[in-house]
Amino acid sequence: MNTVTTKDGIQIFYKDWGTGQPIVFSHGWPLSADDWDAQMMFFLNLGFRVIAHDRRGHGRSTQTADGHDMDHYADDLAAVTEHLDLKNAVHVGHSTGGGEVVRYLARHGESRVTKAVLISAVPPLMVKTANNPEGLPKDVFDGFQAQVANNRSQFYRDVASGPFYGYNRPGAKPSEGVILNWWRQGMEGGAKAHYDGIVAFSQTDFHGGVPDFV
């Protein structure tokens, strides 16, 4: 199993397939590198090298109790890119992964990166504040934490079968396989990482920290 050890001793699992220009994928909460399998296969068949890692506390990476914040997420991503000596890379981040990419660029610079793609990403700020009146109320995220603490298995099933893929919309045709795959990825990770990660993705303020590159 491919892993890299971070400066604070965390084992980060990663997938690394193919050759060519690297595309690095950063997954959303509470998933794992597996969420990118279809995209990785697509770009692999086009001749790219594709890389995706499990964020600390997620998937096959160490289920640590600490370090579930954007700075650690970014530094873990840097550990993977430096371990593999990736250059001229395209970074793709979805949701929390988009915040990870932005913080990675802010903390570690652009020397290894040629492009960044953010998909439904959390920056600049998700939670509602006086300076961010269009954000979501903090009570929403407090509710997420309560459900993770009380019955995250059911919560993950409900999220995947409802709003995450739009299966709660009229005329939607839910895929049981997609729902179960989302649930499986969530349950592979650690409850503490997912609980703390809600604060990381909802309350991290990226204003002033989004590089011009993005």
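Can you find a residue in segment 107-124 that is touching a residue at least 24 places away in the same chain (Cβ under 8 Å), assigned to a helix (DSSP H, G or I) and of a type outside the set (Gly, Ala, Ser)? Yes - at least one qualifying residue is present in segment 107-124. Among the conditions (1) surrounded by fewer than 21 Cβ atoms within 10 Å (Cβ to Cβ); (2) within 17 Å of residue 5 (Cβ to Cβ), residue 108 misses just one, which is (2). Applying the set (1) under 21 Å from residue 156 (Cβ atoms); (2) surrounded by fewer than 24 Cβ atoms within 10 Å (Cβ to Cβ) to residue 53 leaves exactly one unmet item: (2). Exactly one residue out of 81, 62 is over 26 Å from residue 207 (Cα atoms), surrounded by 19 or more Cβ atoms within 10 Å (Cβ to Cβ) and polar (S, T, N, Q): that is 62.
On the given criteria, is residue 28 assigned to a loop (DSSP other than H, G, I, E, B), in contact with a strand residue (DSSP E or B) (Cβ under 8 Å, 6 or more places away or on another chain), of a type outside the set (Val, Ile, Thr) and in contact (Cβ under 8 Å) with a residue 60 or more places away in the chain? For residue 28, the condition - assigned to a loop (DSSP other than H, G, I, E, B), in contact with a strand residue (DSSP E or B) (Cβ under 8 Å, 6 or more places away or on another chain), of a type outside the set (Val, Ile, Thr) and in contact (Cβ under 8 Å) with a residue 60 or more places away in the chain - is met. Going by the conditions given, is residue 40 buried (at least 19 other Cβ atoms within 10 Å of the Cβ) and in contact with a Phe, Trp or Tyr (Cβ under 7 Å, 6 or more places away or on another chain)? Here the answer is yes, as residue 40 does meet what is asked. Pairs are defined by a Cβ separation below 7 Å, a sequence spacing of at least 6 or placement on different chains, a first member in segment 73-85 that is farther than 17 Å from residue 9 by Cβ, and a second member that is outside any helix (DSSP H, G or I) and of a type in the set (D, E, K, R); the pairs so defined are 81/112; 84/16. Please enumerate the residues belonging to segment 35-88 that are β-branched (Val, Ile, Thr) and not in a loop (DSSP other than H, G, I, E, B). Hits for segment 35-88 are 50, 51, 80, 81.
Read-outs throughout are calculated quantities, based only on the coordinates presented, and are distinct from any laboratory measurement. As the structure is a prediction and not an experimental result, all values here were calculated from the model. Positions of Cβ are backbone-derived with ideal geometry, glycine not excepted, and every protein chain shown enters the neighbour counts.
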